[in-house]
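Below is one structure, written out as structure tokens, with a few remarks after it.
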Amino acid sequence: MNMMAFEFGDHLVVVDCGITFPDAELLGVDIIIPDITYLRENKSRIRAILLTHGHEDHIGALPYVLDEIDAPVYGTPFTLALVRAKLEEHGLADVVQLREMLPNQPFELGPFHVEFIHLTHSIIESGALALTTPVGTIIHTGDFKFDPTPTDGRVSDLHTLADYGRKGVLALFSDSTNVERPGITPSEQAVRERFAEIMAEGKGRVLISCFSTSMHRLQVVADLAQQHRRRLCFIGRSMFQNSELAQRMGRLHIPDGLLMQPQDIRRMPARNVAIVLTGSQGEPMAALSRVALQSHKFVWVEPGDDVVISARIIPGNEKAIFRMMDHLYRRGAHVHYQDGSQPPVHVSGHASSEELKLMLNLIRPKYFIPIHGEYRQLFRHLEIAQQMALSSETYLMESGDVLELDGQGAQRKQRVKVGRVCIDVGSYDEVGDVILKERRHISEDGIVIPILAINEHTGQLEAEPQIVSRGFIALEQAQELMESARQVILTTIQKSNVEEVGDWGVIKEKIRTSLRRHFDQETGKRPMVLPVVLEV
Ligand SMILES: [Zn+2]
Ligand SMILES: [Zn+2]
């Protein structure tokens, strides 16, 4: 859910606009976007949204934010291509201005002189932003690692970083994700050795699951498939779309005749097949989960097949991923995942501590603010900066904190409102706290719906109350309990006067209260009780 605002005078630029994914406890919530109250209140001052790269946690909220905020969006060609596809799905592609931002081609945005500095990351065309203002330069690193051998040959632009450092940088905002890891993060090429081994030795199909935006990874797989005489197939909607897009842009190179259609997999000898598919996080509807459950139209696994999960296990997804792995093993596949074995099947896209030190050393900022990480990671990143004795002043800032920099110094200002907004993608609707509470309530104790037919003239019940329940209690025990519940309803009505029974709001509330007390006494559970009154 990365998003940051930089302001000078009457001008505001936003850096990144990401989403995050919900925990299992947020029932029926698909994604979470940032609360943009502050941007809404400062709408007229927003000059641009600048994107550091195309990962979901940096661009995912754009369709929702651009629905309300009118500002041009700047990004590298590949980032913008991902954004365009997203906006098209939301019918916003024609109304939003997308502007290309290229390395070493600075431009002006009001008082901001903006330069995009290419850095390596797990996604291509990623980078840092240098925002130069009349009081100094700010550098925001985005997500990065210093990969000396990226698959596209575009190494990090250390020279430009150093140039800024030499000229003097007011403040550095730097990625803290992997601060706890010692040393240097391996190159994207590090997976090549293990992939090659699997492709060479595997007697059956090789299925590799990774994020569909990982062009480095897709390129490695394509190269190796060619070498090991395996035809290649992309499976999963986003995998198919993003690989097409990257090929069209010349950012993914696939030799002629290597690719095959999903329906052709059946006709190929298993040892001549390599498949790249979505679903590395065990998402139930994604390709790999369906393959694991033998419910995919074109892909299946059988003894002798190798499955590689080339991604990090994102915390919260463990159960789903491990369950999927179990299914794959049960069908006889051999599963390779990030279990610490070497060479690795996955490498991180974020800088480890030695690379973070290099970044600090290149920039030598006056003020240092760690970003992108949990509190402990920000804290440890601060410690690193302090140990380096760079004479940088350090600030630990959390979401909503405001820092003001001027010619004199830095000062914390009053916090602004931040938070999360839950989105139900099926309906594009915001899911409020109340709804979440209700969903949790129903999921824990179930729901009981008493149905009453009341004669509006006499205030009398026209029929025995009916009770429907779901997720509350097993049917065998239900008979007796429902009978007693019916008695409770009748008693409640008897004890109420005609006005009360005639006022449906009142009688519903009385029935709800007495039934809840009754169920609590009898079962210790507190189902949601939702009386329905039929007018007869
Ligand atoms: Zn990223
Ligand atoms: Zn990120």
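As a length-normalised measure over Cα pairs under 8 Å and 6 or more apart, the relative contact order of the chain settles at 13 percent. Shape class of region 40-181 from the alpha-carbon gyration tensor: oblate, with a/c at 1.5 or above and b/c at least as large as a/b.
Put a dot 7 Å past the Cα of Ala85, heading toward its Cβ, do the same for Asp10, and the two dots end up 4.1 nm apart. Classify region 359-513 as rounded, prolate or oblate, taking a ≥ b ≥ c as the square roots of the eigenvalues of its Cα gyration tensor: rounded when a/c is under 1.5, otherwise prolate if a/b is larger than b/c and oblate if not. Prolate, because a/c is 1.5 or more and a/b exceeds b/c. For region 183-250, the residue among Gly236, Thr213, Gln226 whose Cα projects farthest onto the positive side of the dipole built from Cβ charges is Gly236.
In terms of its C-alpha gyration tensor, region 324-422 comes out oblate, because a/c is 1.5 or above while a/b does not outweigh b/c.
Note on the chain: with neighbouring protein chains present and a 1.4 Å probe, carbon and sulfur make up 49 percent of its accessible heavy-atom surface. Going by Cα centres, region 245-301 and region 165-182 are how many Å apart? Comparing the Cα centres of region 245-301 and region 165-182, I get a distance of 38 Å. With only Cα atoms counted, region 41-112 has Rg and Dmax values of 12.0, 34 Å. Split the chain at each of the GluC sites (Glu not before Pro) in a DSSP loop with at most 14 other beta carbon atoms within 10 Å, and the longest piece is 181-373. Under the simplified labelling scheme, the Val418-Gln227 pair shows an inter-label distance of 4.4 nm, with each label point 7 Å from Cα along Cα→Cβ. Using 0.36 nm per residue and subtracting the Cα-Cα separation, the extra length available between Arg248 and Asp94 on full extension is 53.3 nm.
Compared with the direct C-alpha span, the chain from Glu41 to Arg166 gains 41.2 nm at full extension, assuming 0.36 nm per residue. Computed on region 1-124, with alpha-carbon pairs under 8 angstrom and 6+ residues apart, the relative contact order is 22 percent.
With respect to the chain, whose longest principal axis is taken over its alpha-carbon atoms, helix 318-330 is tilted by about 90°.
Dividing the mean sequence gap of close Cα pairs (under 8 Å, 6+ apart) by how many residues region 433-489 holds gives a relative contact order of 31 percent. Which angle from 0 to 90°, rounded to the nearest 10, does the C-alpha axis of helix 158-167 make with the longest principal axis of the chain? Rounded to the nearest ten degrees, it is 80. Normalised by 2.2 N^0.38 Å, where N counts its residues, the alpha-carbon radius of gyration of region 435-536 equals 1.06. Counting only aspartates and glutamates at least 8 places from Lys203 when in the same chain, those with an alpha carbon closer than 17 Å to its own are Glu302, Asp305, Asp306.
Per-residue ellipticity at 222 nm from helix content only, as computed over the chain with -39500 (n - 2.57) for each DSSP H run of at least four residues, stands at -10000 deg cm²/dmol. A Förster distance of 22 Å, applied to the separation of the beta-carbon atoms of Glu444 and Glu318, puts the FRET efficiency at 0.50.
Shape index of the chain: Rg/Rh, with Rg the Cα radius of gyration and Rh the Kirkwood radius from the inverse mean 1/r over Cα pairs, equals 1.07. Based on the Kirkwood radius over alpha-carbon pairs, what is the Stokes-Einstein translational diffusion coefficient of region 366-457 at 4 °C with 1.567 mPa s viscosity, in µm²/s? The estimated diffusion coefficient comes to 71 µm²/s. A Cα-only calculation for region 372-414 places Rg and Dmax at 11.6, 31 Å. Between the beta carbons of Ile435 and Ala389, assuming R0 = 45 Å, the FRET efficiency works out to 0.30 to the nearest 0.05.
Rounded to the nearest 10 degrees, what's the angle between the helix 375-387 long axis and the longest principal axis of the chain, both from Cα atoms, 0 to 90? Roughly 20 degrees between the two axes. Under the simplified labelling scheme, the Glu193-Gln408 pair shows an inter-label distance of 5.7 nm, with each label point 7 Å from Cα along Cα→Cβ. Selection among Leu252, Pro303, Phe379 by position relative to the dipole of the chain gives Pro303 as farthest towards the positive end (Cβ unit charges, Cα centre).
The values are calculated or read from the model by the stated rules, or taken from the named source; none is laboratory data. Being a predicted model, the structure only gives us computed values, none of them experimental. Every residue, glycine as well, gets a Cβ built from its backbone with ideal geometry; the counts of neighbours run over all protein chains shown. These accessible areas exclude ligands, DNA and RNA; they are computed on the full protein's heavy atoms, side chains included. Shrake-Rupley method; radii C 1.70, N 1.55, O 1.52, S 1.80 Å.
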